Every structure is written in C-alpha cells, then in structure tokens.
Amino acid sequence: MKILVTGGAGYIASHTNLELLNAGYEVIAVDNFSNSCMESIRRVETLTGKKIKFYEADIVDRDALRTIFEKEKIDSVIHFAGLKAVGESCSIPLKYFHNNLTGTINLLELMQEFDVKNLVFSSSATVYGEPKTVPVTEDFPLSATNPYGRTKLIIEEMLRDLYASDSTWNIAILRYFNPIGAHESGEIGEDPNGIPNNLVPYVAKVAAGVLEQIQVFGDDYDTPDGTGVRDYIHVVDLALGHIKAIEKLQQNPGLVTYNLGTGVGYSVFEVIKNYEKACNKELPYRVTPRRPGDIAITYADSTKAYEELGWKAERGIEKMCEDSYRWQSKNPKGYQIK
Ligand code: NAD
Ligand code: UD1
C-alpha cells in the first residue's frame, strides 16, 4: 500500500517513515526542505534497508503536487507539511497562512480529484488553547492563541466541513502533545534551525555544550514546583500512532479525532532532572520571566486512542531523554547539510 507523506523529511515524518517501511508500506515522500534536508531520508533508508520514493516539491505549488498524484497510485496521505514555530508565526502570520492553509487546500483538492480519500492530519494540543481542567479529552472546547495554532484549527474545521459534504472521506485528526526524543539508533532526530524554541531541543544543546544555560520560563505558575507542566511523548510512540491511524482508515471510520499523549505531565524542572540523569552531568539553568502566551499545565487523556486504535505510549520520560541525548551526542551539528 502506497502512503504519500507530506513534509516527509521532517522530524516526526522521518520517524513515521521508518515505522511505515518496517510495517511493509511503500512510502512516497514530498518536502520542500524549508525545515529539513535529504539526509533524514537517506538515514531512514539505511536503517530500514528500504527505499523511499522522494519528490522535492512545495505543496503550495499545485502543479508540482499534481505530478506526484499523476505518477503514483496513492492509497492514503499523512499530511505533516507545515511551518510550526509559534513565535515566528506571530511576526509573519501571512507566511504561515499561505504555507499551511494553501498547501493543505491544494492537497485536499488533488486528493478529491484523484479519489484518494484517506487522510491522517498532524494537528496539535495547541487547538485546546488554555484548557480549564486536565487531562484534556477530545471534546474540550477549541481555540487558537497564535497564528500557528489558528492554521491547525482552521484546517481541522476545513476537514470537518469537507467530511460533512462527502462522507466517503476517511480522516484521522491526530492532536499531538509534546513530541521529543529520537529513534534509539541515534541516527535520526530533531534538527531545529538556529537556537531551539522548544524546551528539550534547547536542553539537549546545553547538555552537548553548544549552548551555555537553560532558561526556565517562569517558576511562579500554579503547578507543584511553579514551572510549566506538559505531556511529553516519545517521537517513536507518536510515529507508531500514525501506523495505527492508517490501519484505522482501512475500516472506513469517517472522521475521527485522537489525542496522542502519555497522560502524564512533567514540569520543566522534572525534565531537566531526567535529562541530567541521561547525560550524567549537571545542567546549568536560570529562571527568567514567563514566555508570553505560555499556559501553566496541559496533558492528554488518550483513552480514546487506546480504545479505538489500540494505541498507547510505551516509552517514559527517561527513555525520551536518553534517546534525545544519544541523537544529540552522535550528531552535534544535526544533519549538518542544511
Ligand atoms: P518539521 O518542521 O520537522 O517537519 C515539517 C516538514 O514540512 C519539514 O520537513 C518542512 O521542510 C516541510 N514543509 C513545510 N512546508 C512545506 C511545503 N509548503 N511543502 C513541502 N514541505 C513543506 O516539523 P515536525 O515537528 O516534524 O512537525 C510535523 C507536523 O506536526 C507539522 O504540521 C507540525 O505543525 C505538527 N506538530 C508538531 C509538533 C511538534 O512539537 N513537533 C506538535 C504538534 C503538531
Ligand atoms: C510548543 C508550542 C505549541 C505546540 C507544542 C507542541 C510554543 C509557544 N508553543 O508548546 O504551539 O503545540 O510545542 O510540541 O512554542 N520552556 C522553558 N525554556 C525554554 C523553552 C520552553 O522553560 O527554553 C518551558 C515552557 O514555558 C513550557 C515548557 O517548557 O512550560 C515546554 O515548552 P515547549 O517545548 O516550547 O512546548 P510548548 O510551549 O508546550
């Protein structure tokens, strides 16, 4: 079965490609390398001993995307392609709307035209805004607090409208909590451009001696130790969730939505402690003011994914930190060739 993976060279996609290939799927990947490079594709091929059919193209370029649909008999699509930096989305919102929304509309129109109606979409816990209680279930109210989050919310709404108009679609909306870690080979992992925005990639660079000191964004939240609490999920568990979602689409479920998280929240201080254990050294940090827009606490209720997909996160925070550190140590400059 042929799966088209958009944004196929990116962080979560590379781990998903590996699991897809290992499970016997054929992978057709498309990426414009705006936040990735060919090396992740090559490494997945080496790790699996299997080939990925790769197209370098921008999904905003409809003709380029059409070529792929013309050449390949695609069964299902996993749609990862998108820009994802929250801060950047606030300074250049139109770029985010153009890339994420236009790219998705092109993809959906071509899927409709070529009668490919199985889709897995990368959504985010960001669509819950600031949840009133935790854990968060899929029926919580939705809102957006920044342009990036708004693109996820708008795409979700588009998918619900599309499904309401044509129930022959099968769509799995996956709301990821905080993906971290790397494949345990240390060969593929997260490779952010410049200084990382997110906690664990930043901690990894401090552990590797590339950055000097972790900044803890606020210790006065209403949480047990005052720092922000999140549901960190190992990227390999997340990748396996996509395989389950692809299997689910074969049963014609219609439109389904799942939280993918562990159900356990860890504070910033707890993450740092676990990372210190993984790298066996003390990590310098200082507490700075809160980051605007951050919420105190969120974590998932992923019962629905367990009951309907048979999926559950298996890897704990220690393994997440160990695997992150292995990737960082083996690849201090990431994939190096961006
Ligand atoms: P990533 O940046 O590593 O992967 C996204 C990939 O899409 C990149 O390789 C990029 O080059 C590509 N891309 C972007 N725009 C494109 C376009 N117009 N045409 C072709 N390729 C394009 O990010 P990731 O962390 O792997 O995230 C994958 C998806 O999951 C994104 O949609 C992201 O918003 C979503 N998501 C990520 C997180 C997270 O914390 N990493 C959390 C929730 C949701
Ligand atoms: C980020 C995105 C969110 C996305 C989510 C998924 C932002 C503002 N939000 O969420 O849209 O859905 O990833 O992965 O980028 N922290 C520090 N120091 C740092 C970085 C972060 O203390 O250098 C703290 C934050 O305040 C937060 C926690 O660490 O409490 C996690 O932050 P981060 O990794 O950026 O993820 P989120 O903010 O949860």
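Nothing in this text is a laboratory measurement; each read-out follows from the coordinates by a stated rule. Quick caveat: nothing in here was measured; it's all calculated off a predicted structure. Heads up, the Cβs are rebuilt from the backbone with ideal geometry, glycines too, and the neighbour counts pull from every protein chain shown.
Where only DSSP H runs of four or more residues are counted, the chain gives -11500 deg cm²/dmol as its mean residue ellipticity at 222 nm, each run worth -39500 (n - 2.57).
Computed over the alpha carbons of the chain, Rg followed by Dmax gives 19.1, 56 Å. The range 8-23 and the range 122-139 have their alpha-carbon centroids 25 Å apart. Think of the chain as having a plus end and a minus end, set by charges on the Cβ of Lys, Arg, Asp and Glu; of Phe114, Gly263, Ala64, Ala64 sits farthest toward the positive end of this dipole.
Calculated on C-alpha atoms, the gyration radius of the range 194-338 divided by its Kirkwood radius gives an Rg/Rh of 1.02. Relative to the dominant Cα principal axis of the chain, helix 103-113 is inclined by about 30°.
Each Lys and Arg Cβ is given +1 and each Asp and Glu Cβ -1; about its Cα centre, the range 219-320 then shows a dipole of about 300 debye.
Distances between placed amide hydrogens fall under 5 Å for Val120 paired with Val77, Ile78, His79, Ala172, all partners being 5 or more residues away or on another chain. For the range 38-45, 3J(HN,Hα) computed residue by residue from phi via the Karplus equation (6.51, -1.76, 1.60; θ = phi - 60°) reads 5, 4, 5, 5, 4, 5, 5, 4 Hz, glycine and proline entered as x.
The relative contact order of the chain comes to 19 percent, based on Cα pairs under 8 Å that sit 6 or more residues apart. Applied to the range 81-86, the Karplus parametrisation 6.51 cos²θ - 1.76 cosθ + 1.60 on θ = phi - 60° returns per-residue 3J(HN,Hα) values of 4, x, 8, 9, 8, 4 Hz, with x for Gly and Pro.
Would you work out the charge dipole size for the chain about its Cα centre, treating the Cβ of every Lys and Arg as +1 and the Cβ of every Asp and Glu as -1, and quote it to the nearest 20 debye? The dipole of the chain has a size of about 580 debye. The string of couplings for the range 274-280 from the Karplus curve (6.51, -1.76, 1.60, θ = phi - 60°) is 5, 5, 4, 5, 5, 9, 6 Hz, one whole number per residue in order, with x for Gly and Pro. Taking 37 °C and 0.692 mPa s as conditions, the range 1-145 diffuses translationally at an estimated 202 µm²/s according to Stokes-Einstein applied to its Kirkwood radius (Cα pairs).
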